[in-house]
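The values are calculated or read from the model by the stated rules, or taken from the named source; none is laboratory data. Keep in mind that what you see is a predicted model, and the values were worked out from it rather than measured. For neighbour counting, all protein chains shown are included, and Cβ atoms are generated from backbone atoms with ideal geometry for every residue, glycine included.
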Amino acid sequence: MNSMHATENPSAWVQRWSHLVPAGQPVLDVACGAGRHMRWLHDQGHPVVGVDRSPEAIAAVAELGEVLCADLENGPWPWPGRAFGGVVVTNYLWRPLFPVLQQSVAAGGVLIYETFATGNETVGKPARPEFLLQPGELLRLCSGLHVVAFEDGYLEQPARFVQRIAVVRPAGGRVPARYRL
């Protein structure tokens, strides 16, 4: 594991939209790495759950909350039927996992997702198409949830093409929910 990742700042996208996680609700960080988002969300008062396939990454975040070393691409979903107030995914794409991610967002909870998009192959890695979202793909993958924010474009520092989305599973009720921007 690269020790630099342990000191990276959380994604600006995650910071911007983490206020949508209901107060005190648990947050799942998928492919958590060394825990930059787990730390941020823990500091915001949320119980945190992290999963990564790297034992070194999991060891680095064990003190923050519930952690699990698992390969989500080749094994069963470790939390069947469990819902979280927030699900965070950054720099990771495994399309078959999307239905489970959506089901793991509790009513009133949020999915905050940010990863690489088509075009990234012109500026760096990842460059393989299976690791790059196609134009508008996150919108399609998140259909059925309320889109609060979506971006699809190029960032200069560091140079990369990304798609990112913040979507909420409506809690129901007669009064329209107010998702603060």
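Determine which member of the set Ala70, Ala31 is farther than 28 Å from Ala159 by Cα, modelled with pLDDT of 95 or more and among the hydrophobic types (A, V, I, L, M, F, W, C). If you could, list the steps in order and put the result at the bottom.
Numbers: Ala31 fails: farther than 28 Å from Ala159 by Cα.
None of the others qualify; the one that does is Ala70.
In contact (Cβ under 8 Å) with a residue 24 or more places away in the chain and among the β-branched types (Val, Ile, Thr) - does that describe any residue in the range 134-147?
No.
Within the range 70-85, work out how many residues are surrounded by 17 or more Cβ atoms within 10 Å (Cβ to Cβ) and closer than 29 Å to Arg128 by Cα.
Residues flagged as surrounded by 17 or more Cβ atoms within 10 Å (Cβ to Cβ) and closer than 29 Å to Arg128 by Cα within the range 70-85 amount to 1.
Considering only residues that are part of a strand (DSSP E or B) and of a type in the set (Gly, Ala, Ser), look in the range 123-181 and name the one that is nearest to Leu97 (Cα to Cα). Step through it out loud before you land on a result.
In the first step, residues of the range 123-181 are kept if they are part of a strand (DSSP E or B); the result is 133, 146-155, 160-168.
Subsequent filtering for residues that are of a type in the set (Gly, Ala, Ser) retains 149, 153, 166.
Values: Ala149: 21, Gly153: 23, Ala166: 17 Å.
Per the stated criteria, the residue is Ala166.
For the range 24-114, give me every one of the strands (runs of 3 or more DSSP E) that falls completely inside it and has 3 or more residues that are among the aliphatic types (A, V, I, L, M) and under 25 Å from Ala12 (Cβ atoms).
Values: elements: 27-30, 48-52, 66-69, 84-90.
Those strands (runs of 3 or more DSSP E) span 27-30, 48-52, 84-90.
Identify all residues within the range 84-105 that are touching a Phe, Trp or Tyr at 6+ places or on another chain (Cβ under 8 Å) and without any contact (Cβ under 8 Å) to a residue 40 or more places away in the chain; write none if there are none.
Val100, the sole residue that qualifies.
Being among the polar types (S, T, N, Q) and surrounded by 14 or more Cβ atoms within 10 Å (Cβ to Cβ) narrows it down to one of Thr90, Thr122, so name that one. Spell out the reasoning first.
On the way: Thr122 fails: surrounded by 14 or more Cβ atoms within 10 Å (Cβ to Cβ).
The conditions single out Thr90.
Could you grab me the full set of residues in the range 40-56 that are of a type outside the set (Val, Ile, Thr) and buried (at least 22 other Cβ atoms within 10 Å of the Cβ)?
Leu41, His46, Gly50, Asp52
For the range 106-129, which positions are more than 13 Å from the chain's Cα centre (by Cα), within 25 Å of Ser143 (Cβ to Cβ) and touching a residue at least 12 places away in the same chain (Cβ under 8 Å)?
From the range 106-129, those more than 13 Å from the chain's Cα centre (by Cα) are 106-108, 117-129; that's our starting set.
Now narrow it down to the ones that are within 25 Å of Ser143 (Cβ to Cβ): 106-108, 117-120, 126, 129.
Of everything in the range 106-129, those that are more than 13 Å from the chain's Cα centre (by Cα), within 25 Å of Ser143 (Cβ to Cβ) and touching a residue at least 12 places away in the same chain (Cβ under 8 Å) turn out to be Ala106, Ala107, Gly108, Ala117, Thr118, Gly119, Asn120.
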